[in-house]
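The values are calculated or read from the model by the stated rules, or taken from the named source; none is laboratory data. Model, not experiment: these values are computed from the prediction. Glycine gets a Cβ as well: all are built from the backbone with ideal geometry, and neighbour counts include every protein chain shown.
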Amino acid sequence: MEITSVRVRKFEKEDSRMKGIATVLLDDCFAIHDIKVIEGDNGLFIAMPSRKTPAGEYRDIAHPTNQETRQMFETAILEAYNAEETEE
């Protein structure tokens, strides 16, 4: 599996921890939308798309199943986010 494209849309709200939304294209044939870029206490991280359950909890709709793949997603998305930031 290869990440073939990453698009990031930044948000400029200062009072929000959510800093952007990303779309990732895998192998030029499978897209994952609405990956959040969030400002945490230790820097930026990503949150996979989720949905609220009837019980009020949030569950990921799509997510990596191992740490190596999660790191691949996070690295690619945060690199695209930082590149978007320097272009402004």
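Within the stretch 38-49, which residues are among the aliphatic types (A, V, I, L, M) and in a loop (DSSP other than H, G, I, E, B)? Spell out how you get there, then give the answer.
So the first thing to find is which residues in the stretch 38-49 are among the aliphatic types (A, V, I, L, M), and the list is 38, 44, 46-48.
Scanning the stretch 38-49 gives a single hit, MET48.
PHE73 - would you say it is among the aromatic types (Phe, Trp, Tyr), crowded, with 16+ Cβ neighbours inside 10 Å, at pLDDT 95 or above and on the phi < 0 side of the Ramachandran plot? Reasoning before the result, please.
Values: among the aromatic types (Phe, Trp, Tyr): yes; crowded, with 16+ Cβ neighbours inside 10 Å: yes; at pLDDT 95 or above: yes; on the phi < 0 side of the Ramachandran plot: yes.
Spelling it out, PHE73 is indeed among the aromatic types (Phe, Trp, Tyr), crowded, with 16+ Cβ neighbours inside 10 Å, at pLDDT 95 or above and on the phi < 0 side of the Ramachandran plot.
Tally up the residues in the stretch 51-70 that are surrounded by 10 or more Cβ atoms within 10 Å (Cβ to Cβ) and hydrophobic (A, V, I, L, M, F, W, C), please.
Counting residues in the stretch 51-70 that are surrounded by 10 or more Cβ atoms within 10 Å (Cβ to Cβ) and hydrophobic (A, V, I, L, M, F, W, C) gives 2.
Would you say GLU14 is in a strand (DSSP E or B), modelled with pLDDT under 95, over 10 Å from the mean Cα position of the chain (by Cα) and not basic (Lys, Arg)?
Details: in a strand (DSSP E or B): no; modelled with pLDDT under 95: yes; over 10 Å from the mean Cα position of the chain (by Cα): yes; not basic (Lys, Arg): yes.
When the stated conditions are applied, GLU14 does not pass them.
Residues checked against (1) in contact (Cβ under 8 Å) with a residue 60 or more places away in the chain; (2) not in a helix (DSSP H, G or I):
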| residue | (1), (2) |
| --- | --- |
| ARG51 | no, yes |
| ARG59 | no, yes |
| ALA62 | no, yes |
| GLU68 | no, no |
| MET72 | yes, no |
| THR75 | no, no |
| LEU78 | no, no |
| TYR81 | yes, no |
| GLU84 | yes, no |
